[in-house]
Each structure stands twice: as C-alpha cells, then as structure tokens.
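Trainee: Let me begin by handing over the structure; questions about it come next.
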Amino acid sequence: MTSAPFNTTSRAYSDEDRKSDHRLSVLESIESCVVKTLSLLTPIDKIWQPSDFLPDLSLPNWREELERVRERAKNLTDDILVVLVGDMITEEALPSYQTEINRLEGTADETGTSATPWARWSRGWTAEEN
C-alpha cells in the first residue's frame, strides 16, 4: 500500500496530518496480517442470513410458517430475547462500521471492488457478519 504524500507547500502540516500519517503507517504495518486472515472469512456466496430461517412472506402458506416459528420460540426466556435483540441492533449497524472503515486513508474501497487487502477484508467481514 502506498500513500500520497501531503502537499505541505499549499498549507501548514498540521497535527491532524501527523495523526493521519501515523494511522496510515499502522495500517500499512499490519496489512500482511490482514492478507493472511482473508482466507478465514467465509466466502460471501456461502454466508447464511437470519432471514433464511424466517417464513417467506411471498408464499401462500406464510401464516402457517409464521405460527410454526412462534410455537418454537414461545419458551425463550427474556434473557435470550434480550440477547437476540441486542445482536440484531449490532448487526443493523454494520453499514456504519464499513462506512467508517472506508473513510480511513489506507483502507478506502471507493468502488466496492478494490482488490486491496483492507478492502477485501472489510467487504468479507461485513458480509459475514451481516
């Protein structure tokens, strides 16, 4: 990964520029580890989604299917329901996480198809966790 140097002739080199340089340096230093972990991510075409286990509301028997889900879930404790809701809220925030990752210099995936290790990891992680 290479970074474009800051143009210090057009403006003063600020503390924020130094922080950005430091962050980029950290990302560059661990990029080889990211490359090694890419194989640990589940391929996007093999990822399941929670909705895979819910009734398909476009089918005529959706009401019966929904009742079967309700019947199986009726004995869930409040603790389990709280965990499920918390997990759902966290999962719903994933686009925010990926957006934040994409805003960082050195990890940006402007087209959603970048072959850089950080871009591939970000897409794979959010797809797996989605």
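Trainee: When you scan the stretch 88-99, do you find a residue that is over 30 Å from Asp21 (Cβ atoms), of a type in the set (Ser, Thr, Tyr), part of a loop (DSSP other than H, G, I, E, B) and free of Cβ contacts under 8 Å to residues at least 12 places away in the same chain, even just one?
Mentor: no
Trainee: Same structure again: For the stretch 81-109, which residues satisfy the criterion of being of a type in the set (D, E, K, R) and under 15 Å from the mean Cα position of the chain (by Cα)?
Mentor: Scanning the stretch 81-109 gives Asp87, Glu91, Glu92, Glu100, Arg103, Asp109.
Trainee: Would you mind stating whether Leu27 is at pLDDT below 90 and under 18 Å from the mean Cα position of the chain (by Cα)?
Mentor: Answer is yes for this residue.
Trainee: Same structure, new question: Restricting to the stretch 18-76, what's the tally of residues that are closer than 27 Å to Glu92 by Cβ and of a type in the set (Val, Ile, Thr)?
Mentor: 6
Trainee: Just one of Asp109, Asp56, Asp79, Asp52 is assigned to a loop (DSSP other than H, G, I, E, B), more than 27 Å from Glu16 (Cβ to Cβ) and acidic (Asp, Glu); which is it?
Mentor: Working: Asp109 fails: more than 27 Å from Glu16 (Cβ to Cβ); Asp79 fails: assigned to a loop (DSSP other than H, G, I, E, B); Asp52 fails: assigned to a loop (DSSP other than H, G, I, E, B).
Going through Asp109, Asp56, Asp79, Asp52 in turn, just one is assigned to a loop (DSSP other than H, G, I, E, B), more than 27 Å from Glu16 (Cβ to Cβ) and acidic (Asp, Glu): Asp56.
Trainee: Related question: Please go through the stretch 96-121 and give me each residue that is modelled with pLDDT under 85, under 23 Å from Ser29 (Cβ atoms) and of a type outside the set (Asp, Glu), ordered by number.
Mentor: Tyr97, Gln98, Ile101, Asn102, Arg103, Leu104, Gly106, Thr107, Ala108
Trainee: Name the residue, out of Ser58, Ser32, that is under 28 Å from Thr126 (Cβ atoms), among the polar types (S, T, N, Q) and either within 22 Å of the chain's Cα centre (by Cα) or surrounded by 10 or more Cβ atoms within 10 Å (Cβ to Cβ) (or both).
Mentor: Just one listed residue meets the conditions, Ser32.
Trainee: Within the stretch 112-130, how many residues turn out to be free of Cβ contacts under 8 Å to residues at least 24 places away in the same chain and in a loop (DSSP other than H, G, I, E, B)? Break it down into steps so the answer makes sense when it comes.
Mentor: Keep residues of the stretch 112-130 that are free of Cβ contacts under 8 Å to residues at least 24 places away in the same chain, which gives 112-115, 119.
Then drop every residue that is not in a loop (DSSP other than H, G, I, E, B), which leaves 112-115.
Residues meeting the conditions: 4.
Trainee: Could you check Ile44 against (1) of a type in the set (A, V, I, L, M); (2) without any contact (Cβ under 8 Å) to a residue 12 or more places away in the chain; (3) closer than 26 Å to Ser122 by Cβ and say which number it fails?
Mentor: So the condition that Ile44 fails would be (2).
The values are calculated or read from the model by the stated rules, or taken from the named source; none is laboratory data. Quick caveat: nothing in here was measured; it's all calculated off a predicted structure. A quick note on method: Cβ atoms are made from the backbone with ideal geometry, for glycine too, and the neighbour counts reach across all protein chains shown.
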